[in-house]
Amino acid sequence: MQSGKRPVFGNRHLTDDSKVFQHNAWDNVEWTEDQENQAHKITSDQTENAMTEESQQKYLENAASFWDKFYEKHDNKFFKDRHWLFTEFPELIATDKKTLSPDDSEIELQKQTYEKTKKENESEDTVLFPVKCDHESPNKLLQADLPGSNSSLRYMEIGCGAGNTIFPVLNVTQDPNLFLYACDYSQTAVDLVKSHKNYDTSRCYAFVHDISSTDQQFPMPEESLDIVIMIFVLSALEFKNMHSAIQRIVKLLKPGGMILFRDYGRYDMAQLRFKSGRCLSQNFYTRGDGTLVYFFTQEEVRDVFTAAGLVEKQNIVDRRLQVNRARQIKMYRVWVQAKYQKPTL
């Protein structure tokens, strides 16, 4: 388990403040106590000046339409492929899935929690297509009409946007056994993915889904996915809806399957720049375009995933100092990156 500082992404460390503008970014930057206190004061003031409940409803009830407008405006020209993806998440190109198996000691520690959570959240109708698991061949689904039914290795990205994760994964991972599902809250985003030149229905399937809705069902059965990718997506939900969303997603993982997570961390530059009246509730905001965003602590991320019975493999804060050398501006970015695994029972 890794829960301390993030592994070194680069080897660029700031040891002399006078040289801060010599490079575009610095890794693993430590914050001073004054810096933490100032950030806390800013966010406290934001919460005190939160928008009215009546105003909040506009954004909460129409969240999908705001994301549709976002993608209609930016199309796919706004986005860049995440070139850090395979450095941070080498599991996406792992050929030996045995490396995803947790240690026996970790399994025992989490087994009782997982079994209890599974029983509490079980329902009789949890998939779009009624299927029976083939326990003798767990990597093969029985419904032949489901995309990816013949694949032995299945990933799903939640919040796929314009496809800037799924297409690099498909391009780099040429394993013919890999099939990648991609879903998003926004119909416009899904349409962008489907219109991409690299969208291949023999290798991927994109669909609209709201993970916060208990009424919508996933098209794949329980225990059918090896990896679920969640990059800057859980933050779009109200915090109170996150636990139930993750519990539904965990059901889709095979035993030993993993969730790869990266999202906004508490006191990220984006949070500290919000003006008065943009805060809906503590650490939860609406951007100028109407889309929503929450800023996490490590402890909140840990609670959401372990409460669903998952084993923590990584939970780290990525603090990076980015600079605009031309304008002599410092930008402190904070992200939380985590990996959580379903026990092998």
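So between Ser152 and Gln282, what do we pick up on full extension, going 0.36 nm a residue minus the alpha carbon distance? Could you put the intermediate results ahead of the total?
Values: separation 130, 0.36 × 130 = 46.80 nm, distance 4.25 nm.
Contour length minus the Cα-Cα distance gives 42.5 nm.
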Worksheet item: Points 7 angstrom from Cα along the Cβ direction at Phe232 and Ile93: gap in nanometres?
Response: 2.1 nm
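Sorted by mean Cβ packing within 10 Å, highest first, what order do the peptides 331-344, 181-194 take? Walk me through the intermediate numbers first.
On the way: 331-344: 21.4, 181-194: 22.9.
Order by mean packing, descending: 181-194, 331-344.
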Worksheet item: Given labels modelled 7 Å from the Cα in the Cβ direction, how far is it in nm from Ser65 to Arg273?
Response: 2.7 nm
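When Lys and Arg each count +1 and Asp and Glu each count -1, what net charge do the other residues less than 12 Å away from Pro147, Cβ to Cβ, add up to? Intermediate results must be reported in sequence, preceding the final value.
On the way: positive: Arg154, Arg203; negative: Asp145, Asp200.
Charge balance in the 12 Å sphere: 0.
Throughout, read-outs are computed from the coordinates displayed, never taken from laboratory work. The model shown is predicted, which means the values in this text are computed figures rather than measured ones. Here the Cβ is made from the backbone with ideal geometry for all residues, glycine too, and neighbour counts use every protein chain on show.
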